[in-house]
């Protein structure tokens, strides 16, 4: 599936970390929400409110969830889950194109 | 209007000029298309295929259309038209949040 149909999209982008992350918010009829975005090569820490699933369309990164010592690598076609009210460290080695699903 | 309703949105972003421009494509039921994006501070030249209207949500820029000598300034709440099969120079002085309408 290359697109989301019958959705609403917020006109204004979300820009984080001085432009290292740019996303647009998509609203679904069932009340759920996703963000579509790009993260450029950088080492960043993202906080979460709701639990998230990060689905990677393109690019490559390493992830370390809060409280863990080990890093895991993810690339195109893979995804990882992050608990709510938490955070994760991310090292993007090749620009990421992602869909973030808020659960 | 802060959002577009009953649309499709392409999951993968468009990244131009080494990340200076990031956009997502929105498809409308009437067959028209817009892109929602951000342009970070830079001096760039964009080419057009279809005629475009650039609507600025936030930020500030100077624009010079192909074949013109004068620059015009645009900011939040303003828009400008660009002919098809043409180009324009843009100097973004404050990160632009825009909607590009393809006409």
Task: Count of region B:62-103 residues which are touching a residue at least 40 places away in the same chain (Cβ under 8 Å) and within 14 Å of chain A (Cβ to nearest Cβ) - done: 9
- [ ] Looking only at region B:30-47, decide whether some residue is modelled with pLDDT of 95 or more and touching a helix residue (DSSP H, G or I) at 6+ places or on another chain (Cβ under 6 Å).
- [x] yes
Task: All positions within region B:1-11 that are surrounded by fewer than 16 Cβ atoms within 10 Å (Cβ to Cβ) and either assigned to a loop (DSSP other than H, G, I, E, B) or more than 7 Å from chain A (Cβ to nearest Cβ) (or both) - done: B:1, B:2
- [ ] Go through region A:12-35 and give me each residue that's assigned to a loop (DSSP other than H, G, I, E, B) and either within 12 Å of the chain's Cα centre (by Cα) or at the interface with another protein chain (Cβ under 7 Å from one of its Cβ atoms) (or both).
- [x] A:12, A:13
Task: Residue ID - surrounded by the most Cβ atoms within 10 Å (Cβ to Cβ), chosen from residues in region B:36-61 that are more than 12 Å from residue B:101 (Cα to Cα) and within 14 Å of chain A (Cβ to nearest Cβ) - done: B:38
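The values are calculated or read from the model by the stated rules, or taken from the named source; none is laboratory data. Quantities reported herein were computed from a predicted structural model and do not represent experimental measurements. No Cβ is skipped: glycine too gets one built from the backbone with ideal geometry, and neighbour counts run over all protein chains shown.
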